[in-house]
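Working notes, beginning with the structure itself.
The values are calculated or read from the model by the stated rules, or taken from the named source; none is laboratory data. This structure is a prediction, so every number in the text was calculated from the model and none was measured. Neighbour counts run over all protein chains shown; Cβ positions are idealised from the backbone, glycine included.
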Amino acid sequence: MALKIYNTLTGQKDPFEPLEPGHVRMYVCGVTVYDLCHIGHARSAVVFDVIFRYLKYSCYEVEYVRNFTDVDDKIIRRANEQGVSSAELAGRYIEAFHSDMDALGVERPTREPLATDHIQEMIRHVERLEQAGHAYAVDGDVYFSVQSYPAYGRLSKRPLDELEAGARVEVDERKRSPLDFALWKASKPGEPSWDSPWGAGRPGWHIECTVMGQKYLGATFDIHGGGKDLVFPHHENEVAQAEADSGQPFARYWVHNGFVNIDKEKMSKSLGNFFTIRDVLASVHPEVLRLFLLSHHYRSPVDYTESSLRDAAAGLDRLYGTLERLGQALDGQAVPNQVPVAELGNGERTVHEAVLGLFNDFDQAMNDDFNTAEALGHLHRCARQVGAYLHEGFAPSERSLAVLGYARNSLRRLGGVLGLLQEEPAAYFLGQRQEGLERAGLEDIAIEARIAERTAARAAKDWAKADQVRDELAELGIELKDGPEGTTWTMKR
C-alpha cells in the first residue's frame, strides 16, 4: 500500500506524490515563544516528528522547516511585565523549547527560522500584494482584502458569505470587510518596530509562515502542518496571501493534528488543568508520554488522564521487557548477519515470520495516514510472540541466535521510527526503579535489607513473617519475584 495522507484541503485521503520524486518539502507552524510549552505543543511536535522520521525511513530526502514566532502581542506584553526586551524573552523561551523537545526525543528540523530574521522579505511580499490590489494601507496598518481573493474559505470549507455573517461585530471600522486581516501593523510606543513604506511597524502573524515557507521550500511545497486550531484563520490566511501573490498552489497536502483534553475537559489555566511538558516529564519517562500520544490517531482528540499514562507506561515496560529478555538470551554472543531461513525449526520460523510480518503490517498502518495507533499494536503483538518463544521454546543455537538478533534489531528499528525504544533496557529499568524509589522515599539498601529479612524467615519456615515482609513491600509499590538465583524486585507504577 502506497502512502496516503488525509488532506484537509480535499477532505479525503489522497495518495502522496511529492512534487519532486524522492524529495519531500514540509513546513510546520512552530510556537510563539512567550512561555513554556504545554502538552498540546508536545502532541503537535511528536506527531510531526514521527511523520518526519517515517518519511526518512521510507527513503525520502526530507526538508523540514518549523518556525519560531518571536515577535507578537503576547511576547511584547510578557516582556514588558518582566522588564526585558522582546528579543531577550523570545531567546529564553526558544532555549526552553529546545530543552523540552530534546527531552521528548524530538529531532531537530532541517531549519528553524525566526520571524524577525525575515522582516524585509515580509515587507516585499506585502508591497507586491498592495501593488496587485490584494492589500490596502490605513494609518500605517496594511490589510489583506479578502474580497480580492474569491477562493478564500476553500481550506476551512467555509463559504465567504457565512464567514462574513459570523464575523465579530466589534470590528475595526477602517477595514473594508470584517474578514480582512493584518499583513503589517503600525507599532505603538515602546514596541519593537522596523522601518517600512507604511511607517514603523511589525508584521502580522499570518504573513511570517507564508514568507518563510516559500523562501525555504518554494512557491509550492508538499506538506503544511499544524494543529487543528490553525485551519482557520491562520492557515486560510496563509493560503490567500501566498496564492494571491504567486498565482500558484501554496501547499499540496494540509495535515492537522487533534487537540489534547484533560479528563475530557479542554486544557485551560483557569480550570487548573494546564500541564507543561516539564510538569509531565518530572514524573513520567519521555517515551511514556510519546507512546501515550501515539496510541491515538493524530487527527483524533486525546484525553489525557493519569490512568491513560499508567497504561502507556505499562505498555512501554512490556516492550523494553522483551528487549531485555532478548539481550539476556543473546548474552553478548556474536549474532550471524543473515538468518538461515531454510534451516529454521518450527519455533524459530514462527518468530522469524512474525518479525517479517511486522515490517509489512507496520508499513501498511503508517501508509494509511500515519496510523501510529495501529502500528503500535503490531509492535506489541510481535513483542508478545517473541516473548512466548523465549518463554517456551528457546534453546541457544546459531539458528536461534540469528532469529533473535534479527528480532531485536527490528523492534529497535521500528520503535525508532516512533521515537521509542531508544535506551538500553538495563538503563531504562534502572531509571524507572530509581524514580520509583525517590517517589516512595526509599533507598536500594533498605529494600535489600527487607528482602534479606524475608529470605531468613523463609529459611526458618516462618511463613507468616515472610508474607508480612512481602505485603509491606507491596504497599510501598515494590514487587518481589522469587527465582532459582534468589529474589529480585521491581517498582510497580
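Looking at region 369-392, can you tell me whether even one residue there is assigned to a helix (DSSP H, G or I), of a type in the set (Phe, Trp, Tyr) and touching a Gly at 6+ places or on another chain (Cβ under 8 Å)? Step through it out loud before you land on a result.
Keep residues of region 369-392 that are assigned to a helix (DSSP H, G or I), which gives 372-392.
Filter again for of a type in the set (Phe, Trp, Tyr), leaving 389.
Right, trim to touching a Gly at 6+ places or on another chain (Cβ under 8 Å) and you get 389.
Among the residues of region 369-392, at least one is assigned to a helix (DSSP H, G or I), of a type in the set (Phe, Trp, Tyr) and touching a Gly at 6+ places or on another chain (Cβ under 8 Å), which makes the answer yes.
Of the residues ARG290, ARG252, which is farther than 28 Å from THR210 by Cβ, out of contact with any His (no Cβ under 8 Å at 6 or more places or on another chain) and among the basic types (Lys, Arg)? So that I can check it myself, show each step before the final result.
Details: ARG252 fails: farther than 28 Å from THR210 by Cβ.
Going through ARG290, ARG252 in turn, just one is farther than 28 Å from THR210 by Cβ, out of contact with any His (no Cβ under 8 Å at 6 or more places or on another chain) and among the basic types (Lys, Arg): ARG290.
Per-residue answers, yes or no, for (1) modelled with pLDDT of 95 or more; (2) in contact with a Gly (Cβ under 7 Å, 6 or more places away or on another chain); (3) over 23 Å from LYS175 (Cβ atoms); (4) surrounded by fewer than 16 Cβ atoms within 10 Å (Cβ to Cβ):
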{"site": "ASP70", "(1), (2), (3), (4)": "yes, no, yes, no"}
{"site": "MET122", "(1), (2), (3), (4)": "yes, no, no, no"}
{"site": "LEU129", "(1), (2), (3), (4)": "yes, no, no, no"}
{"site": "ALA132", "(1), (2), (3), (4)": "yes, no, no, yes"}
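Can you give me the number of residues within region 447-493 that are surrounded by fewer than 12 Cβ atoms within 10 Å (Cβ to Cβ), modelled with pLDDT of 80 or more and basic (Lys, Arg)?
The total comes to 1.
Which number in (1) in a helix (DSSP H, G or I); (2) surrounded by 14 or more Cβ atoms within 10 Å (Cβ to Cβ); (3) out of contact with any His (no Cβ under 6 Å at 6 or more places or on another chain) marks the one condition that PHE362 misses?
Every listed condition holds for PHE362 apart from (3).
Residues that are charged (D, E, K, R), under 26 Å from the mean Cα position of the chain (by Cα) and at pLDDT 85 or above: does region 421-431 have at least one?
Checked against the condition, which is being charged (D, E, K, R), under 26 Å from the mean Cα position of the chain (by Cα) and at pLDDT 85 or above, region 421-431 yields at least one hit.
Would you be able to say whether some residue in region 67-77 is aromatic (Phe, Trp, Tyr), in contact with a strand residue (DSSP E or B) (Cβ under 7 Å, 6 or more places away or on another chain) and within 23 Å of GLY226 (Cβ to Cβ)? Even if it seems obvious, please write down each step before you answer.
Going through region 67-77, the residues aromatic (Phe, Trp, Tyr) turn out to be 68.
Subset that is in contact with a strand residue (DSSP E or B) (Cβ under 7 Å, 6 or more places away or on another chain): 68.
Now drop any that are not within 23 Å of GLY226 (Cβ to Cβ), which leaves 68.
Checked against the condition, which is being aromatic (Phe, Trp, Tyr), in contact with a strand residue (DSSP E or B) (Cβ under 7 Å, 6 or more places away or on another chain) and within 23 Å of GLY226 (Cβ to Cβ), region 67-77 yields at least one hit.
Can you list residue pairs whose Cβ atoms sit under 7 Å apart, with the first residue in region 265-287 being among the hydrophobic types (A, V, I, L, M, F, W, C) and the second being surrounded by fewer than 17 Cβ atoms within 10 Å (Cβ to Cβ) and at pLDDT 85 or above? Count only pairs 6 or more apart in sequence or on different chains.
From residues that are among the hydrophobic types (A, V, I, L, M, F, W, C), the pairs are MET267/ASN261; LEU281/ALA103.
Tell me, yes or no, whether region 335-357 has at least one residue that is hydroxyl-bearing (Ser, Thr, Tyr) and surrounded by fewer than 19 Cβ atoms within 10 Å (Cβ to Cβ).
First pass over region 335-357, keeping only residues hydroxyl-bearing (Ser, Thr, Tyr): 350.
Remaining after also requiring surrounded by fewer than 19 Cβ atoms within 10 Å (Cβ to Cβ): 350.
Yes: region 335-357 contains one or more residues that are hydroxyl-bearing (Ser, Thr, Tyr) and surrounded by fewer than 19 Cβ atoms within 10 Å (Cβ to Cβ).
Here is a check on your reading of the model: is GLY83 outside the structural domain of MET366 (by TED's automatic domain parsing), surrounded by fewer than 21 Cβ atoms within 10 Å (Cβ to Cβ) and at positive phi?
On the way: outside the structural domain of MET366 (by TED's automatic domain parsing): yes; surrounded by fewer than 21 Cβ atoms within 10 Å (Cβ to Cβ): yes; at positive phi: yes.
Answer is yes for this residue.
Being in contact with a Gly (Cβ under 7 Å, 6 or more places away or on another chain) and farther than 30 Å from PRO192 by Cα is true for just one of VAL28, VAL62, VAL50. Which residue is that?
The match here is VAL50.
So which residues in region 352-378 are hydrophobic (A, V, I, L, M, F, W, C) and closer than 24 Å to GLY332 by Cα, if there are any at all?
Going through region 352-378, the residues hydrophobic (A, V, I, L, M, F, W, C) turn out to be 354-356, 358-359, 362, 365-366, 370, 373, 375-376.
Hits for region 352-378 are ALA354, VAL355, LEU356.
For region 40-54, which residues satisfy the criterion of being in contact with a Leu (Cβ under 9 Å, 6 or more places away or on another chain) and surrounded by fewer than 22 Cβ atoms within 10 Å (Cβ to Cβ)? Explain how you work it out, then say what you get.
Pass one, region 40-54, residues in contact with a Leu (Cβ under 9 Å, 6 or more places away or on another chain): 42-43, 45-47, 49-50, 53-54.
Within region 40-54, ARG53, TYR54 qualify.
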